[in-house]
Amino acid sequence: MSTSPMPIFRDIPPTAGFPLHARDIAAGFLSLRSPDLLAADVKQYLGIPYTRTTCSGTAALYFICCALHSLTPRRTIITPSFICPLVPLAVHRAGFRVVVADINERDFHYAPRILAEVCAASGDIAAIVANHLGGIPIDLAALRSVARQHECFIIEDCAQALGALSQGCRVGTLGDFAFFSFAAGKGMTMYEGGMMATRHAAYAPLLDAAATRHAHSAVGIEARRILELFGYWLFYRPSLFWFVFTMPQKLWLLRGNDISAFRENFDAAFPLHAVSRFRIGVARTGFAHLESRIAQQRDKAAWYIRALETCPAIHIVLEMPGDRATYPYVTVVFDDPAARDRALRHSSRLGAGVSQIYARAIGDYPYLRGIVSAGPCDNARLMARRSLTLSTSAFLTKKDAAAVTDAIKKAL
C-alpha cells in the first residue's frame, strides 16, 4: 500500500465532529421562538430528571462545582493526570483545590494504587472527576467504590462521550453530576456549548441557581459565537479545514509552541453567558442523528482496530467488555516514543486526521502552576509522548485509513 500524499490542502479533521448543512442552519432560525428543546431531548435520552444547556462544557463544570459548595464543606476535587486543562481551571475558579491522580500507563483509567494513595492522603475530598476520554467509558464501578469509601461525589466528564454506554447504562447517568461539550469537533455542535446534568432531582435547584447567578446575557459574545458557528459550517470540510486548523497548527509547531498548536492556551476567565435559541436549534439537529453517527464512528474505528490490533510494539486503547465507546477518534499507544514520532511524521502528509489528544500531562502546563497540585503524572507524560489519535470523521474513507495504517506499520 502506498503512502503517497493526498491532494494538497485536503485535510480531514482529527475528531468526529458532525458536519453542518444548510438545513441545520435553517433549523436554528426556526428555533428562535422555541424553548430549549435540546435539553429536554437529552434529558429524555439519558432518562434523568435534570439537564440544562450551557455556553460550554467548562461552564457546566463550573456551575456543578458552585452547586457543590451547598452540598459539602470539603474543598478538594481529584482529576486525572491526562485531561483537558479547562477542567482544573473551572474547578479552581469555583473555589476548589485541584489534586491530580495519575492514569494507567496504557489507557485512560485512574491507576488504582495511585488513586487510593491520593484519596488516603486527604480527608477533604469533595468529588472525583470520572473522565470518559476518547468517548471510552471509565471503570465507574471501581470509581463508585472509591467514592463510597471516602464519602465524596462523582462528576462525570462526558465531553467526548454523549451516547456512550457503560455496562448498558448511558454515561452521564452513573455519577452524581455530569457535563457534556458541544464545542467544535465534539460530535453535535453549536460551535461552543455544553450541558450539565444530574440524576438527583434534589440537586437541580442548586444547579439552576448557579447558572442563573453567573450566566447572564452577553450579546457581543453570543454574536461572535454565531459567526464562529457559520465559520464552522463553511470550513469544516476537507477542502478548507487545512486553512483554519492545520496551517496555524504547523506554524505554531515550527515556533516550538505545542500548547498553542493544539489550541490549549486557556485561562480561568472563560465566558459565562446565556446561549441563543438559534445555536441550540442548530445543535439539536445533530442530536437527531447521534445514534447513526456513533455507529459510523464505531465502524471506522473498527477499520483501524482490525488493521493494527496484531501489530507488535503498539497498543490500542479500547472499550471494556460490555461497554460501548463513541470513538470520536482511536488512540494508539506506542512502546517507543521515537516510533510514535515517526508515525506522526509519516502520516501528517496524508491529510487523514492523525493527531494527538493533549500536548502534555496536566501538571506540565505552565499556566496551571499554582492551580494543579504537584501530583503523580508519570504515566500521563508517557501517554502524551507515546500516543497518537486516528480520526473517525465522517470524511474518512477506507483509502485514508489504509494509508494511515500503512504509515504506522512502516514506523515500527
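From the list 17, 47, the one residue that fits, being at positive phi and either of a type in the set (Ser, Thr, Tyr) or at pLDDT 95 or above (or both), is 47. Candidates are the residues of the stretch 287-298 that are closer than 18 Å to residue 136 by Cβ and hydrophobic (A, V, I, L, M, F, W, C); the one that is surrounded by the fewest Cβ atoms within 10 Å (Cβ to Cβ) is 295.
Exactly one residue out of 237, 279, 263, 284 is under 22 Å from residue 161 (Cα atoms), surrounded by fewer than 21 Cβ atoms within 10 Å (Cβ to Cβ) and not β-branched (Val, Ile, Thr), and it is 263.
Mind listing whichever residues of the stretch 107-133 are in contact (Cβ under 8 Å) with a residue 40 or more places away in the chain and within 18 Å of the chain's Cα centre (by Cα)? Hits for the stretch 107-133 are 107, 108, 128, 129, 130, 131, 133.
Identify all residues within the stretch 317-331 that are touching a residue at least 12 places away in the same chain (Cβ under 8 Å) and surrounded by fewer than 18 Cβ atoms within 10 Å (Cβ to Cβ); write none if there are none. Give the derivation first.
So the first thing to find is which residues in the stretch 317-331 are touching a residue at least 12 places away in the same chain (Cβ under 8 Å), and the list is 317-320, 322-331.
Matches in the stretch 317-331: 318, 320, 322.
Restricting to the stretch 18-68, name every residue that is surrounded by fewer than 24 Cβ atoms within 10 Å (Cβ to Cβ), within 30 Å of residue 351 (Cα to Cα) and of a type in the set (Gly, Ala, Ser). Across the stretch 18-68, the qualifying residue is only 22. May I ask you to verify whether residue 183 is of a type in the set (Gly, Ala, Ser), over 13 Å from the mean Cα position of the chain (by Cα) and modelled with pLDDT of 95 or more? No: the conditions fail for residue 183.
Annotation note: of 307, 301, the sole residue that is touching a residue at least 24 places away in the same chain (Cβ under 8 Å), crowded, with 22+ Cβ neighbours inside 10 Å and in a helix (DSSP H, G or I) is 301.
The values are calculated or read from the model by the stated rules, or taken from the named source; none is laboratory data. The model shown is predicted, which means the values in this text are computed figures rather than measured ones. Note that each Cβ is placed from the backbone with ideal geometry, even for glycine, and that neighbours are counted across all protein chains shown.
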